[in-house]
Structure formats: structure tokens, C-alpha cells
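Only one structure is covered here, and it is reproduced in the block below.
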Amino acid sequence: MVTGDVKLIGSWASVFVMRARIALNLKSISYEFLQETYGTKSELLLKSNPVHKKIPVLIHDDKPVCESNIIVQYIDEAWSSYGLSILPSQPYDRAIARFWAAYVDDKWFIALRSILTARGEEEKKAAIAEVEERTDHLEKAFIECSNGKPFFNGDHIGYLDIALGSFLGWWKVVELDANHILLDETKTPSLFQWAERFCNDPDVKPLMPETTKLAEFARKLFPKPQA
Amino acid sequence: MAKKEESVKLLGFWISPFSRRVEMALKLKGVPYEYLEEDLPKKTPLLLELNPVHKKVPVLVHNDKILSESHVILEYIDQTWSNNPILPQDPYEKAMARFWAKFVDEQILPAGFMPLVKPKKGIEVAIEETRELIMFLEKEVTGKDFFGGETIGFLDMVAGTMIPFCLVRAWECMGIDMISEEKFPGLSRWIKKLNEVEIVRECIPPKEKHIERMNKIIERKT
């Protein structure tokens with residue numbers, strides 16, 4: 001089957017880029033990965049994403065698609081006859097998956113990131129409490145969506161698994177930085193076990209960044225203020 | 001086709017562009033629904049029960065299914081009732097519609113309201129920054145009647161409820177002519193075309209009442 005010319009502009013450390021790569025893996029699509037250098041933006045990136053100037057950008061037969069969740073949906077629809085479906089087939093299940101994926105980005109991720117940018121112990125404690133509350137929502141979402149199966153999407157990973165699971169590398173890094181467990185086996189047991197299954201999925205494993213390398217990168221991205 | 005005993009309810013608010021766009025979609029598809037008006041900022045127990053995560057309108061209840069978040073609801077409506085499609089069929093066109101819809105709500109709205117009510121860098125800078133964002137949309141609609149082509153679609157509903165029938169009214173209250181015909185001929189034409197569509201006219205807040213309410217909102221935030 002002819003997939004066309006596929007390029008992905010991204011970086012090894014980006015959660016959002018990982019989403020696109022997992023989706024491409026799920027569909028067995030070969031692509032050219034164009035790694036951006038931290039601190040600079042290539043001409044191709046600026047030309048392909050003039051609105052946001054951000055990665056990831058998928059370029060399929062010279063047509064750019066931007067925004068990670070939109071890219072994942074595009075991959076599912078453009079190559080709908082390849083591999084397994086990424087989004088659920090029923091309209092309501094799709095809506096629920098989209099709802100929670102938006103929640104991950106708009107609410108949960110914002111809280112997670114604010115742990116890294118917190119100034120002082122009080123702000124950090126408040127950020128941690130917020131992440132815990134929102135992770136609790138996601139635990140309930142998992143139980144509702146998975147219906148006893150191993151993933152949000154059921155028997156195999158899908159849109160919502162990818163949306164949240166791509167954060168697992170950074171999730172660990174933030175835990176280390178905060179010196180506080182943020183994915184608790186006793187508080188959110190379903191998510192905890194799902195996380196292990198997700199990371200071991202063959203389409204995910206080669207892409208998950210190694211924790212020490214990512215933690216080092218995090219220190220560059222989120223420098224601590226001098227004492 | 002509607003099945004027997006199909007029930008559709010929509011919790012909305014008359015000046016919310018998010019709930020008005022859902023009404024547009026339901027009307028476009030000819031789906032009968034019961035409308036329940038929230039008197040925001042007061043929230044009814046029903047709203048809090050149906051949308052405990054965000055506590056916001058719109059909420060669509062289709063039989064026993066509860067949905068919130070306007071973009072999610074619009075896509076659900078499009079997939080459930082297949083007549084008069086809202087999203088393009090082509091995957092790339094669909095991705096573009098989703099991209100620009102996200103852009104409207106997540107870039108144009110934040111830039112086009114509070115920074116103008118409380119300009120930190122000065123009102124002229126805030127206006128210019130908003131116009132720069134709107135220019136992206138100008139390019140997308142130039143040469144077409146609607147973003148969706150010959151008929152209104154997903155992006156028309158999202159951008160239509162947010163820009164001409166919400167933000168433009170706020171800008172009028174502030175004495176700003178943001179989308180001038182001279183600078184934005186494509187969008188100006190698009191707005192005129194929108195006003196000719198019956199479904200759109202039925203789903204926008206009445207202007208005078210809207211301006212009155214908008215002035216109060218702006219006053220409170222200043």
C-alpha cells in the first residue's frame with residue numbers, strides 16, 4: 001500500500017511529538033523524523049507551522065498538519081484501512097475519548113507543569129494537590145472508558161491512551177523533582193497498572209525517553225532560581 | 001432519521017457562543033431538542049450534576065448519553081445524524097477545520113477580550129496583536145462564501161458564534177472597529193453571508209440585549 005511521503009518535525013523529549021509517533025507506529029507508517037535542535041527553530045518548522053511555530057508538525061505529501069491531537073486523528077482517518085483504529089468506532093465513545101483528551105491537555109497537564117514552575121514550597125504543595133485531584137478524575141475516567149479492558153480504548157491502545165500515556169516520561173521526572181509520588185499504586189491503582197502496560201506496548205516502548213536523560217533536559221527547560 | 005422516543009436536551013446560555021453553536025448544529029441537522037436555559041453565573045443543580053468536571057454549558061443529553069465541551073458535542077452531532085454534514089469528508093480538510101476552530105477559541109478569544117479590556121501593553125498593541133491573529137482566518141476564507149465552502153460547516157459555526165456575534169459586539173462596546181472591510185474584505189463578506197443564513201440568525205443573541213449585557217461584563221472586569 002502506498003502511504004505517500006511522510007515527514008514528522010519533532011524532538012525526542014516532547015510529549016506531543018510522541019503522540020504523533022505512537023500513532024504512526026500503530027499504523028506501521030514509515031516516516032522521516034526531522035529532529036529539531038533545542039533553542040532553535042528550523043526554516044521548515046516556521047514555514048509549516050507559521051501560526052504556532054511549534055512541534056510536532058506532520059507533513060504528508062507536502063501538506064502540514066499541526067497540533068498533536070489533531071495529527072493523531074488525521075493519522076487515524078488518512079490511513080483508516082491500516083492497522084487498528086485509534087479512535088473508538090461509536091460516536092459516544094469517541095466523544096468521551098475526545099473529552100478526556102482535552103481535559104488532559106487543558107487541566108491535568110497545566111497542573112503538572114505548574115509543579116515544575118512553582119516558586120516556593122506553598123505553591124508547590126498547591127500544585128501537587130491539584131495534580132492529585134485531577135489524576136483522581138482520570139482514574140474514574142479510566143474505569144468508565146476501559147470497561148474492564150486493559151486500556152482506555154479497550155483491548156489495544158487508542159487516542160486517549162496516547163494522549164495521557166505520552167506524559168509518562170515527564171510524569172516520572174516531575175515526581176522526582178517534587179520528591180512526591182504522583183502516580184500512586186494505592187490511590188489510583190487502575191491508572192498505575194495501565195501505565196505499566198502502556199509503557200510496555202511495542203509501539204510505545206522504543207519512543208519513551210529514558211528518565212535520567214529527560215530529567216537532565218528538564219533542568220535546562222525549567223531552571224531552578226539561584227538560592 | 002430520528003428513532004422513536006429519541007430525546008435530545010441542551011443546557012445552554014443565551015450569550016454563550018459555545019452553546020449557541022451547538023444549537024446551530026442541531027438546527028442544521030433538523031434534530032428536535034428541548035432547550036434548558038441556565039441563568040449564569042448561577043448554576044442549577046442539574047448543570048452541576050450533568051457536568052461535574054467543568055460545571056459549564058453547553059451540555060447535550062441524547063437519550064442517556066451526557067456530553068460537554070462544544071467541539072466534542074459538534075463532532076458527536078455530526079457522527080450521530082449524518083444529513084447535512086458539518087465536518088468535511090476529506091481527512092486533511094477535516095484536520096484544517098479542527099485546527100482553525102481550536103485557534104479561534106484558544107488564541108483569538110483570549111487575545112481579543114481581556115487584553116483589550118485591561119491593556120497591559122497599551123490598547124493599540126492589543127488591537128494589532130488581535131488583528132494579526134484574525135489575519136490568519138482572513139486567508140482561509142478568501143475566495144469562499146463560507147469556511148465550509150458553499151454552505152456553513154464546523155468552522156463557520158465555531159468562528160461565527162465567537163467572532164461576529166460575540167467578540168465584534170464586545171469590540172463595538174469598546175469603540176473598536178476590529179474587522180474593517182478595508183483590512184478584512186474576506187471576513188467582512190463572510191459575516192454578511194452568515195447573516196443571510198436563517199439557522200445562524202436563529203442562533204445568535206439579539207443585538208441590543210447583547211450589547212447591554214456585554215457593557216455590564218466589561219464594566220465589571222475593568
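The values are calculated or read from the model by the stated rules, or taken from the named source; none is laboratory data. Quantities reported herein were computed from a predicted structural model and do not represent experimental measurements. Reconstructed Cβ throughout: ideal geometry from the backbone, glycine too, with neighbour counts over all protein chains shown.
For segment B:11-50, a residue qualifies if it is within 14 Å of chain A (Cβ to nearest Cβ) and in contact (Cβ under 8 Å) with a residue 40 or more places away in the chain, and the qualifying residues are B:Phe18, B:Val22, B:Ala25, B:Lys29, B:Val31. Select from segment B:67-84 the residues that are part of a loop (DSSP other than H, G, I, E, B), touching a residue at least 40 places away in the same chain (Cβ under 8 Å) and at the interface with another protein chain (Cβ under 10 Å from one of its Cβ atoms) and list them in ascending order. Listed by number, the list holds a single entry, B:Trp81. Residue under question is A:Pro56, and the condition is that it be buried (at least 24 other Cβ atoms within 10 Å of the Cβ) and either more than 30 Å from A:Leu44 (Cβ to Cβ) or touching a Gly at 6+ places or on another chain (Cβ under 9 Å) (or both); does it hold? Judged against the criteria, A:Pro56 is a match. If A:Glu139 satisfies all but one of (1) touching a helix residue (DSSP H, G or I) at 6+ places or on another chain (Cβ under 8 Å); (2) not in a helix (DSSP H, G or I), what's the number of the condition it fails? Condition not satisfied by A:Glu139: (2).
Let's see how each residue does on (1) modelled with pLDDT under 95; (2) surrounded by 17 or more Cβ atoms within 10 Å (Cβ to Cβ); (3) in a loop (DSSP other than H, G, I, E, B):
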| position | (1), (2), (3) |
| --- | --- |
| A:Tyr92 | no, yes, no |
| A:Trp100 | no, yes, no |
| A:Asp106 | no, no, no |
| A:Ala118 | yes, yes, yes |
| A:Glu144 | no, no, no |
| A:Trp171 | no, yes, no |
| A:Ile181 | no, no, yes |
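For B:Asp64, the conditions (1) surrounded by fewer than 17 Cβ atoms within 10 Å (Cβ to Cβ); (2) more than 13 Å from every other protein chain (Cβ to nearest Cβ) are fulfilled apart from (2). Looking at segment B:87-135, the helices (runs of 4 or more DSSP H) lying wholly inside it that each contain 3 or more residues that are farther than 19 Å from B:Phe184 by Cα and within 14 Å of chain A (Cβ to nearest Cβ) sit at B:91-103.
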